[in-house]
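Notes to accompany the following structure.
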Amino acid sequence: MSSASFPLLTKNRTAVGAIERYRIIKLTANDGEATQSSAAADRSLGVSTVDRADDGERIDVEHAGIVPVTYGADGIVPGTPLTSDANGKAVAAVATNFALGFAMESGDTDEVGSVLIAPHQM
């Protein structure tokens with residue numbers, strides 16, 4: 001798995017709670033803040049980069065492009081719409097989920113794959 005990365009829009013934000021590397025991110029109600037997504041219903045809008053951050057630390061978040069993401073389920077294949085599990089890992093989205101984007105490569109649980117960021121409602 002190559003985990004190709006072609007980021008187009010990176011924003012530096014303040015972490016609310018701990019954020020692990022390559023996890024799906026949602027914004028908070030406060031400008032400039034981000035937190036790790038924890039549900040398929042979250043309006044996820046990015047992926048954390050190679051660094052991790054503790055609460056209050058700064059972290060880069062990718063909001064557009066093709067970027068690495070940690071998979072949270074087996075059997076992810078290219079084209080699979082992806083959403084967040086309880087740990088901010090990418091899993092297959094189903095009807096009514098809010099999807100972050102589409103898998104660009106195959107992978108299984110805890111492998112780092114890649115996602116084309118294209119937020120949408122399923």
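None of the figures in this text is laboratory data; all of them are computed from the coordinates on show. This one's a predicted model, so the numbers in the text were calculated from it and none came from an experiment. So basically every Cβ, Gly included, is an ideal-geometry build from the backbone, and we count neighbours across all protein chains shown.
With contacts defined as alpha carbon pairs under 8 Å and 6 or more residues apart, what's the relative contact order of the chain in percent?
28 percent
How far is the Cα center of region 103-122 from the Cα center of region 1-41, in Å?
Each part's Cα centre sits 14 Å from the other's.
Given points 7 Å out from each Cα along the Cα-Cβ axis, report the residue 28 to residue 77 separation in nanometres with one decimal.
Here the answer is 4.0 nm between the modelled labels.
Could you compute the net charge surrounding residue 52? Neighbours are other residues with a C-beta less than 13 Å from the C-beta of residue 52; K and R count +1, D and E count -1.
Once positives and negatives cancel, what remains is -3.
Bin all alpha-carbon pair distances of region 7-65 at 5 Å intervals from 0 and give each bin's fraction as a whole percent.
Calculated P(r), rounded to whole percents: 5, 23, 36, 25, 10, 1.
At 37 °C and 0.692 mPa s, grab the translational diffusion coefficient of region 67-121 from Stokes-Einstein with a Kirkwood Rh over Cα pairs, rounded to a whole number in µm² per second.
The estimated diffusion coefficient comes to 315 µm²/s.
Please quote Rg/Rh for the chain to two decimal places, taking the Kirkwood radius as Rh and restricting both calculations to Cα atoms.
With Rg and the Kirkwood Rh in hand, the quotient comes to 0.93.
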